[in-house]
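Heads up: the structure comes next, in structure tokens.
The values are calculated or read from the model by the stated rules, or taken from the named source; none is laboratory data. Everything numeric in this text was worked out from a predicted model, so none of it was measured. No Cβ is skipped: glycine too gets one built from the backbone with ideal geometry, and neighbour counts run over all protein chains shown. For accessibility, only protein heavy atoms count, side chains too; no ligands or nucleic acids. Shrake-Rupley method; radii C 1.70, N 1.55, O 1.52, S 1.80 Å.
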Amino acid sequence: MVLPITDGAWLMIESGEAPQHVGGLMVFDYPPDASPTWLHDTWQRLRTATDFAPPFSYRLRRPYGLAGLFDWEPDPDIDLDYHLRFSALPRPGRVRELLVLVSRLHSTLLDRHRPLWEVHLIEGLQPEHDGDPPRFAMYAKFHHSMFDGVGAMRVMRKMFSADPNDRDMPAPWEIASTSATTPSSTPPARRPTSGEKPGVLDPLRSVGTIAATLRDQAKATRRGVEGEVMPFSAPRSLLNGRITGSRRFAADGFSFERISGVARALGVSINDVALAMSSHALRTYLLDHMALPDKPLTGMIPVSVRTEDEGPQGNALSFLVADLGTDIADPIDRLERIRTSMQRGKDRLASMSRSERVGYAVAITSPYVIGPLLGIAGRGRPLANVVISNVPGPREPRYFDGARLQGMYPASLLQQGQALNITLTSYDTEMQFGLTACRRTLPQMQRMLDHLDSGLRVLEKLAAV
């Protein structure tokens, strides 16, 4: 089956400098009754789990495509020792050593001659504080042609149990959705509303709606409507140089109650607060490097169009571009700019059908596909300065064979001309941020974690006034 453009594009634009996989770092407490060899024993048990469900059982029929076309085929001889790996951190086994390892693992391309996924079990992680239980980690990555962020999260939800007493749980590659026979599925067509008849003119109407939307955006931007942003209107910045294949991954969690408390007090959404934290971090980081543009940075915000009854495979995404207000010193005014811009983008997408939202995403991101083919990727004005994505996760504790999942930190991808991705997910009592960056383009990027925290503290003080 030929992949639709929404899935195949991730393969078309991939290069050694811009791998197109997404992943996640998960940190666990060992089960209370774990033996000293529990993690190694678990790895050995998982190595015997050779029942591969789609999409983990599929490989590319033509690894490098034919005229940009890709399709899947079952892999009859999967080498599990390649896909499932066991690692140990060097002493002293701090979070610093863990993030260095994950940064290195996330930098490497997946082998296109094999199914496009890897799972790593990592031992040697020290407790966060004296007296805390011992910990281990799991890092998993999947090619974006297999899953988008929401699809990957649905798979991860199935990997873990809400019951701490569950044991001998299935391996991740045994539990993918059985509702699809291939990793990729074309988004279902929009259902006609009452009195509406589907017809051959529907695709033409969609094209017309998308063109009209872009035209209206351009007019509103020229009029200076507050919060209105056109794609490719982002200022040039330190975030938007050419990138290399080396990655730096940084991660931390923030109390969900703190963030939701600010949102309630200031009358905004939780996502608005997370974007304001990100805006503060970006502004502070660029000020520290004397590189803050006079114009506001813009953020590309992925928006899922996946329905609850769809399987996790493939991509079902649209995008909106938001004004991050980084040119505004006052944090409340900055938050209001973000809220206004996000509401305009959400209203615009809400006025479209499902297929129109996907078509809009294809239209505004097409330069990302064309650029690498012409050898000019990352050399023009970026669609947006940074990608900021929020993927909802489970709001209650999860377990794997009795090991409690303490943290789930998303790792994402970069494009040429975009050196930073901020992805966050809600899990249990925290909002957990994962920052993925080109380590050569953005020096000391991990300091943005402190800036995220200071941004939240500033908003908490203002909310208490």
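Volume per residue for the stretch 73-145 equals 101 cubic angstrom (convex hull of Cα atoms). Normalised by the number of residues in the chain, the average gap of Cα pairs under 8 Å and 6 or more apart makes the relative contact order 24 percent.
Partners of K158 within straight-line reach, counting lysines whose Cα lies under 26 Å from its Cα and excluding those fewer than 8 residues away in the same chain: K141. Exposure check, 1.4 Å probe, all protein chains in place: I13 carries approximately 20 Å² of accessible surface. Taking a straight line from the alpha carbon of K295, these lysines sit under 25 Å away, with near neighbours fewer than eight places off in the same chain left out: K219, K346.
Histogrammed with a bin width of 10 Å, the alpha carbon distances of the stretch 118-163 distribute as 21, 37, 31, 10, 0 percent, first bin at zero. Can you give the net charge of the other residues whose Cβ lies under 13 Å from the Cβ of M12, counting K and R as +1 and D and E as -1? Neighbourhood net charge equals 0. Full extension of the chain between H129 and R379 yields a length gain of 85.4 nm, computed as 0.36 nm times the residue separation minus the alpha carbon distance. Here the stretch 281-370 is described by how far its Cα atoms reach on the three principal axes: 45, 30, 22 Å, from widest to narrowest. One decimal place: the segment A211-E257 gains 12.4 nm when fully extended, by the rule 0.36 nm per residue minus the C-alpha distance. Expressed in units of 2.2 N^0.38 Å, where N is the residue count, the Cα radius of gyration of the chain is 0.97. Solvent exposure of the chain amounts to 43 Å² per residue of accessible area, where only protein heavy atoms count and the probe is 1.4 Å. Using a cutoff of 8 angstrom between alpha carbon atoms and counting only pairs six or more residues apart, the relative contact order for the stretch 226-321 works out to 31 percent.
With only Cα atoms counted, the stretch 379-465 has Rg and Dmax values of 15.8, 50 Å.
Share of carbon and sulfur in the accessible area of the chain stands at 53%, probe radius 1.4 Å.
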